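Here's the structure we're looking at; comments come further down.
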Amino acid sequence: MRVLLVDDHTLFREGIALLLRPLVQPLETWEAGSCEEAVAVIEARGAADLVLIDLGLPGASGLEGVRQLREAHPEMPVVVMSSADDKDTVLAALDAGAMGFIPKSSTSAVMIGALKLILAKGIYLPPSVFLAARNPAPATPPAAMTPSAAVTPMLATAPAGADAAAGSPPRRPADLGLTSRQAEVLHLLLQGKPAKLIGRELDLSLSTVKAHTSAVLRALNVTTRTQAIVAAGRIGLRFDDV
């Protein structure tokens, strides 16, 4: 697995590489200290299997780097790691196309758990994104509460402190009235994949993908992918068969 680490602190890049080593084998880590260096690395070596990028970078901002990398390589998952983890910052990163957000203030155990989720093509979000989130999801029974928030191929969980009864069973796409194909579209949409790429992966026409996308957004009572991620986390959405 090829992982690009984008951070202007060499020590932090080396620390993340050490955390990743026991989680993934074989592992090849690339490093860059700015968005410009990251783009140059990708241009020289091709797409990485995962990009971990800081927001506070010299030169172009990390958010701009996320946009550039996702536009150039929409199939390449990009995850933000930042010391700023307030709700607006997290949502801005998701709006830019990030697949997840790991606060640098996390403990090593939380960070390892988040990296495991992301390596399994899940989406990790800090609890802050669920607190008074903009355009909240409809009031529905959430999953059992946990200390952190995550959307994974198997499970999405609500954060500790969410206004919901603990112990409620997780929900599945069928519970929202979605077909198996719509569930597949939602799963790929949550990963930030554009309609054309979803169509290629599922062998669907662009118009069919757009129709399914409209259906899944309506089912979650949201209008954007970012809102869908937050909504999925709130209700504890599982993708057992995807």
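The values are calculated or read from the model by the stated rules, or taken from the named source; none is laboratory data. In this text the structure is predicted, and so the values were computed from the model without any measurement. Neighbour counts run over all protein chains shown; Cβ positions are idealised from the backbone, glycine included.
Some points to look at:
- Lone unmet requirement of (1) over 20 Å from Glu14 (Cα atoms); (2) under 12 Å from the mean Cα position of the chain (by Cα); (3) not small (Gly, Ala, Ser) for Met81: (1)
- Subset tally (residues that are closer than 21 Å to Leu63 by Cα, in a loop (DSSP other than H, G, I, E, B) and more than 10 Å from the chain's Cα centre (by Cα)) for region 106-122: 1
- Meets criteria (among the aliphatic types (A, V, I, L, M) and crowded, with 18+ Cβ neighbours inside 10 Å) for Val39: no
- Taken together, the residues in region 62-74 that are within 21 Å of Ile102 (Cβ to Cβ) and loosely packed, with under 15 Cβ neighbours inside 10 Å amount to 1.
- Any hit, region 123-139, residues being at pLDDT below 90, basic (Lys, Arg) and within 30 Å of Ala17 (Cβ to Cβ): no
- Checking each residue of region 168-180 against the condition of being at pLDDT below 85, surrounded by fewer than 18 Cβ atoms within 10 Å (Cβ to Cβ) and not assigned by TED's automatic domain parsing to the domain that holds Val110 gives at least one match.
- Within region 183-230, considering residues that are polar (S, T, N, Q) and within 23 Å of Asp95 (Cβ to Cβ), the one nearest to the chain's Cα centre (by Cα): Gln191
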